[in-house]
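The values are calculated or read from the model by the stated rules, or taken from the named source; none is laboratory data. In this text the structure is predicted, and so the values were computed from the model without any measurement. Don't worry about glycine lacking a Cβ; one is built from the backbone with ideal geometry, like all the others, and counts go over all protein chains shown. We work out accessible area using only protein heavy atoms, side chains counted, and drop any ligands, DNA or RNA first. Shrake-Rupley method; radii C 1.70, N 1.55, O 1.52, S 1.80 Å.
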There are 2 protein chains.
Amino acid sequence: MKYPSALIQLIRELGKLPGVGPKSAQRLAFHLFNLPEEEVRELAQAILNAKNSLKQCKLCYNITDTELCSICTDHQRNHELICVVEQPADLLAIERSGEYDGLYHVLHGSLSPMNGIGPDQLTIAALFERLQGFDQNTGEVILATATTVEGEATAMYLARLLTDIGITTSRIAYGLPVGGDLEYADEVTLGRAITNRRKL
Amino acid sequence: MKYPSALIQLIRELGKLPGVGPKSAQRLAFHLFNLPEEEVRELAQAILNAKNSLKQCKLCYNITDTELCSICTDHQRNHELICVVEQPADLLAIERSGEYDGLYHVLHGSLSPMNGIGPDQLTIAALFERLQGFDQNTGEVILATATTVEGEATAMYLARLLTDIGITTSRIAYGLPVGGDLEYADEVTLGRAITNRRKL
């Protein structure tokens, strides 16, 4: 049997999404086929609206629908703290923790020479521009890139440049996840958790 | 931080898809945000096109973009065999096996009184209408509904009605999946595989 071309096209487009393989793409396509027209239209419209109205914050490169995002314009927050993250999703994860009230800087990636991603492909120049008006005595930059090889390399790279210009720099803590069993922790994590133990 | 409303709306719409939880919906939304505008437009367009141009075949209720699907209009196929399946995806799975050259009938579901799905919610009346011109001596209906409780109930229900009007009816075989280890087969499947053994 030959698939109708509109179905082939839909399955191909859905299959380009991350985490959606050929089987899931087919399942999603059949699901959309069975939905009422109204709901399908809402989905397509939400995709187009989001693409049209969302952009990057001019200051921190977070996702926003205004010139500056709601974090950068919030005067209740501590403007002397900047937390550097790889992706907007990381920013949201930290916001959900409720433990941080400073600003952010979204790199939109991490250094990965193998994939052709150097400092110029990230928002690093913009970060250092922001830091020109930064108070060296009270300000601090927290490096919250991932604890992957690329994330670590990015953090090390930034740490060197930041200490060169005299800015207090810190790295988020390594250790056991809360609720985690020692038995199931990998050795590197467990080793870091012991090295970085805190006095009670 | 408050999410921009277009982002909230997109995450909500994506989260309605089957197999997409809140986390995946967020990941998909960020992915779409990072895509070039052209590709996002293609996805939205593919969704709308599929919804506008695809419909059910007037005869077998398969998905098609013409009045009758390419299987129903194929005169190379055996028009005296009708294979009854629950969903268009099941039809495609059988087509991929390459073992079947008859026609199909897609029920678009299975009997499930608990969920309010009776014979009238499926395409059963249309199946029996098709069968009015069917040759009782040479024709055969293969019941290929799922081997779940609902699929079995649907097959039993149809089998009773079909034998009542004198039409040869068969059920797809139960047994071990090809490449399957006996050790890992469940008891019911293994029992069926033994009961339904074939002489060599």
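A few points about this structure:
- Percent of beta bridges antiparallel (DSSP, chain A, rounded to nearest 5): 20
- Residue-by-residue Karplus 3J(HN,Hα) for the stretch B:75-80, coefficients 6.51, -1.76, 1.60, Hz, glycine and proline x: 7, 6, 7, 7, 7, 9
- Using θ = phi - 60° in the Karplus curve 6.51 cos²θ - 1.76 cosθ + 1.60, the 3J(HN,Hα) couplings for the stretch A:180-188 round to x, 8, 4, 4, 9, 6, 6, 5, 4 Hz; x is entered for Gly and Pro.
- Here is the list for the stretch A:76-132: GluC sites (Glu not before Pro) lying in DSSP coil, each with at most 13 other C-beta atoms within 10 angstrom of its C-beta, are A:Glu99.
- Förster radius 56 Å - calculated FRET efficiency between B:Val188 and A:Ile172, Cβ distance, rounded to 0.05: 0.65
- Here A:Glu39 sits with roughly 70 square angstrom of accessible surface, probe radius 1.4 Å.
- For the stretch A:135-145, Karplus couplings with θ = phi - 60° (6.51, -1.76, 1.60), whole Hz, Gly/Pro x: 7, 5, 7, 10, x, 8, 10, 9, 8, 10, 6
- Selected from B:Asn34, B:Asn52, B:Asn115 as most flexible by GNM, with chain B as the system and alpha-carbon contacts under 10 Å: B:Asn34
- Across peptide A:35-48, the mean count of Cβ atoms from other chains lying within 10 Å of each residue's own Cβ comes to 6.
- Relative to the other identical copies, B:Ala159 shows label-point distances of 6.9 nm, where the label point lies 7 Å from Cα along the Cβ direction and values run shortest first.
- Antiparallel DSSP beta bridges within the protein assembly as shown, percent to nearest 5: 20
- GNM flexibility winner over chain A from A:Leu161, A:Leu182, A:Leu111 (Cα, springs under 10 Å): A:Leu182
- Accessible surface for A:Tyr3 stands near 60 Å², nearest 10, in the context of the full protein assembly shown (1.4 Å probe).
- Only Lys, Arg (+1) and Asp, Glu (-1) charged, at Cβ; chain B dipole about Cα centre in debye: 480
- For chain A, the longest principal axis of the alpha carbon atoms and the long axis of helix A:37-53 meet at an angle near 40°.
- Spin-label pair B:Leu161/B:Tyr100, simplified geometry with 7 Å Cα→Cβ offset, distance in nm: 1.8
- Amide H partners (placed H, <5 Å) of A:Arg171, local residues excluded: A:Leu143
- Degrees separating the helix B:88-97 axis from the principal Cα axis of chain B, which is the longest one: 60
- Number of partner chain Cβ atoms within 10 Å, mean per residue of A:52-59: 3
- Relative contact order for chain B: 13 percent, from Cα pairs under 8 Å spaced at least 6 residues apart, divided by residue count.
- The distance between label points at B:Ala153 and B:Ala125 comes to 2.1 nm (points 7 Å beyond Cα on the Cα→Cβ vector).
- With q set to 0.09, 0.13 Å⁻¹, the log10 of I(q)/I(0) for the protein assembly as shown, from the Debye formula over equal scatterers at the Cα positions, is -0.76, -1.10.
- Heavy-atom surface analysis with a 1.4 Å probe gives the stretch B:132-200 a carbon and sulfur content of 55 percent of its accessible area.
- DSSP finds beta bridges in the stretch A:76-171, and of those with both partners inside it, around 5 percent are antiparallel.
- Candidate lysines for bridging to A:Lys51, where Cα separation is under 25 Å - those fewer than 8 sequence places away on the same chain excluded: A:Lys16, B:Lys2, B:Lys16, B:Lys23, B:Lys51
- B/A buried area, accessible surface, summed, 1.4 Å probe, Å²: 4900
- Ligands, DNA and RNA are left out, and with a 1.4 angstrom probe the accessible area of the stretch A:76-171 is 50 Å² per residue.
- Accessible area per residue in Å² at 1.4 Å probe, computed on the stretch A:5-53: 49
- Rounded to 10°, Cα long-axis angle of helix B:22-34 versus longest principal axis of chain B: 60
- With helices as the sole contributors, chain B gives -13000 deg cm²/dmol at 222 nm; each DSSP H run of n ≥ 4 counts as -39500 (n - 2.57), and the sum is divided by every residue.
- Among A:Ala89, A:Ala155, A:Ala173: highest mean-square fluctuation, GNM of chain A, C-alpha pairs under 10 Å: A:Ala173
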